[in-house]
Amino acid sequence: MPADYHMHLEADDLYEDLPHTVARIAEYVEAARRAGVDEIGISEHCHRFRAFRPIMAHLFEGATGQHPHVVAWLSSDFRHELNRYVEVVLDARRQGLPVRLGLEVDYLPDREEAIARALDGIPWDYVLGSVHFVDGASIDSSPEITWPGTPVERLWRRYFEHLAQAAASGLFTCLAHPDLPKKFGFRSDPFPWDAFEPVVEAAAATGTGFEVNTAGLRKPAREIYPAQELLAAATQRGLPIQLGSDAHRPEEVGAGFAEALRWARDAGATALTRRAGRRAVPELLGGSLRDR
């Protein structure tokens with residue numbers, strides 16, 4: 001049975017009363033059980049927490065040219081205590097729930113030392129590295145924010161340059177949704193393989209994994225992240241592969257995992273990765289799940 005290591009305890013547009021409780025985690029565990037998933041990992045967004053506000057403040061405080069939607073969104077977030085979140089997840093585990101402690105962190109160039117300090121001293125099982133901002137612009141808030149004025153091929157190239165830096169940083173155990181720019185259907189033709197290849201090289205050098213993320217099936221792209229040929233390049237280099245639904249509510253846990261398992265096998269993956277104390281524990285890819 002696979003593990004689902006990418007989920008959030010509430011929708012992104014809820015700011016104040018996040019359900020960081022053992023009871024809420026138990027709802028996700030029960031949903032996972034129904035989906036045929038035997039272990040979950042909570043990977044809340046870093047911008048939920050006060051500790052990350054100074055790291056990301058340049059994106060919305062006095063940022064000239066930033067889209068008003070992004071300014072309003074980020075200005076309203078960063079309300080919660082990271083240590084409280086950590087303790088709730090660890091308490092859920094102490095109570096016997098099959099849950100791992102994770103965090104999804106936005107990689108931002110020139111902020112590596114600050115990110116490392118924010119993560120330090122916490123017993124993470126894994127940390128997902130994501131690129132949601134390219135040259136300061138949000139690429140997945142809505143298609144109207146970034147894409148109308150941005151050449152598609154240039155943004156894809158810059159995205160992969162950021163992602164390669166994230167992989168090389170060694171800050172992350174796994175790269176989340178590693179071809180995110182396709183979310184709204186914007187694809188580069190030709191595909192910038194010369195920009196993507198350094199991502200795999202850097203990940204191989206640091207032991208950073210690749211995520212098979214099923215949220216793309218629920219987005220306009222209608223495709224798992226990453227595309228199969230990108231995943232094949234990762235598996236050929238022996239990168240650890242892990243699954244994530246990117247759930248923001250219990251009913252999304254394990255969504256699309258039957259297709260994800262086929263996707264991974266067809267890309268040449270022979271094992272999936274479990275996480276414990278930032279160690280990658282391979283588990284042979286076998287069995288099947290019912291489609292959801």
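Read-outs throughout are calculated quantities, based only on the coordinates presented, and are distinct from any laboratory measurement. Not measured: the values here are computed from a predicted model. Counting neighbours? That spans all protein chains shown, and the Cβs are built from the backbone with ideal geometry, glycine included.
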*Want the number for ALA72 to ASP135: 0.36 nm per residue separation, take away the alpha-carbon distance, what's left?*
20.8 nm
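Add +1 for every Lys or Arg and -1 for every Asp or Glu among the other residues with Cβ under 14 Å from the Cβ of SER75, and state the total. Working shown, then result.
Values: positive: ARG48, ARG50, ARG53, ARG79; negative: ASP13, GLU16, GLU61, ASP77.
With Lys, Arg at +1 and Asp, Glu at -1, the neighbours total 0.
List the trypsin sites (Lys or Arg not before Pro) within segment 64-98 that DSSP assigns to loop and that have no more than 14 neighbouring Cβ atoms inside 10 Å. Could you put the intermediate results ahead of the total?
Details: sites: ARG79, ARG84, ARG93, ARG94; in loops: ARG79.
Those that pass, being in a loop and sparsely packed, are ARG79.
Calculate, in nm to one decimal, what GLU201 and GLU10 gain on full extension: separation in residues at 0.36 nm each, minus their alpha carbon distance.
Numbers: separation 191, 0.36 × 191 = 68.76 nm, distance 3.45 nm.
Working it through step by step, the gained length comes to 65.3 nm.
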*Among GLN236, GLN165, GLN228, which one shows the biggest mean-square fluctuation in a GNM of the chain, springs joining Cα atoms closer than 10 Å?*
GLN236
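Just from its helices, what would the mean residue ellipticity at 222 nm be for the chain, if runs of 4 or more DSSP H residues each count -39500 (n - 2.57) and the sum is divided by every residue, rounded to the nearest 500 deg cm²/dmol? Can you show the working numbers first?
Working: 10 runs with 102 residues, N = 292.
It comes out at -10500 deg cm²/dmol, rounded to the nearest 500.
Rounded to the nearest 0.05, what FRET efficiency is calculated for ARG278 and ASP110 with R0 set to 25 Å and r the Cβ-Cβ distance?
Details: r = 24 Å, r/R0 = 0.97.
That pair, ARG278 with ASP110, gives E of 0.55.
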*Top mean-square fluctuation among ALA35, ALA26, ALA63, Gaussian network model of the chain, C-alpha springs under 10 Å?*
ALA63
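Can you give the Rg to Rh ratio for segment 3-284, taking only C-alpha atoms and Rh from Kirkwood? List each step's numbers first, then the result.
On the way: Rg = 17.5 Å, Rh = 18.8 Å.
Here the Rg-to-Rh quotient is 0.93.
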*Of LEU128, LEU97, LEU175, which has the largest mean-square fluctuation in a 10 Å C-alpha GNM of the chain?*
LEU97
*In whole Å, how far is the Cα centre of segment 186-242 from that of segment 93-172?*
14 Å
*Within segment 175-276, list the trypsin sites (Lys or Arg not before Pro) lying in a DSSP loop whose Cβ has at most 16 other Cβ atoms in a 10 Å radius.*
ARG187, ARG222, ARG237
*For segment 1-20, list residues with backbone N below 17 Å from a point placed 7 Å from the Cα of GLU87 toward its Cβ?*
18-20
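Let's see if you can work this out: charge +1 on each Lys and Arg Cβ, -1 on each Asp and Glu Cβ, no other charges. What is the dipole magnitude of segment 1-60 about its Cα centre, in debye to the nearest 20? Display every interim value, and only then the final one.
On the way: 6 positive and 11 negative charges, 43 e Å.
The calculation lands at about 200 debye.
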